[in-house]
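Working notes for the structure below.
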Amino acid sequence: MDTPRLTTGEVIAGIGGIVLLISLFLPWYGVSVDIAGISASTSGSGWEALGFIDVLLFLISVAAIGIVAARAAGSLPDDVPAPVILLGLGALAVLLVLYRIIDIPVDGDVPDQVNLSRKVGVFIALIGSAAVAYGGWRTNAETPGARVGRAAAADDHALSLDAQGSGFSL
């Protein structure tokens, strides 16, 4: 791996992907019960508490790590819009984690003796997700050639025609 090839944004996105992956194994939610003076509590990780969202967050984190690793290895094709992919995946992960911060997953009604709480893992997941999104955005801003494909080629062609004084511009 050639880390000097990576922009600061790519490094941030890669670290964010690692943080998001690790957060899935940390406690996300806590449950405590206090009935007749007897109390018990437990917590659940992202893997235990989430239904399908945990798989999506896992895939997002692995994709972010993989894109950055492929870029560092020089095996990522130039026509892959990595910054846009990282930004999109990170934004999706942020939305999923925010949803799970707002709405604690429970089955049915919760009695008054049961207290549900958010644990550190869900907030670390939010930080990791935001880092992936920010890293993608920053990489897009850092790389002048981040626009790929026909649109960028058409823009460059239109600029060269206009610069030659053809009087025709797109």
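Details
- Here the stretch 1-123 has 65 percent of its accessible surface on carbon and sulfur atoms, given a 1.4 Å probe and all protein chains in place.
- Computed extension length for T8-I127: 41.1 nm, one decimal, from 0.36 nm per residue of separation with the Cα-Cα distance subtracted.
- Taking a Cβ cut-off of under 9 Å around P83, the surrounding Lys, Arg, Asp and Glu residues balance to a net charge of -1, with basic ones at +1 and acidic ones at -1.
- Simple spin-label estimate for D78 and W47 gives 4.2 nm between the two label positions (7 Å along the Cα-to-Cβ direction from each Cα).
- With both labels modelled 7 Å from their Cα along Cα-to-Cβ, the T143 to I35 distance reads 5.6 nm.
- Note on Q113 and L98: the model spin-label points, each 7 Å out from Cα along the C-beta direction, lie 3.8 nm apart.
The values are calculated or read from the model by the stated rules, or taken from the named source; none is laboratory data. Given the structure is predicted, the values throughout are model-derived calculations rather than measurements. Please note: Cβ atoms are built from the backbone with ideal geometry, for glycine as well, and neighbour counts cover all protein chains shown. Side chains are part of the model used for accessible areas, which takes the heavy atoms of the whole protein and leaves out ligands, DNA and RNA. Shrake-Rupley method; radii C 1.70, N 1.55, O 1.52, S 1.80 Å.
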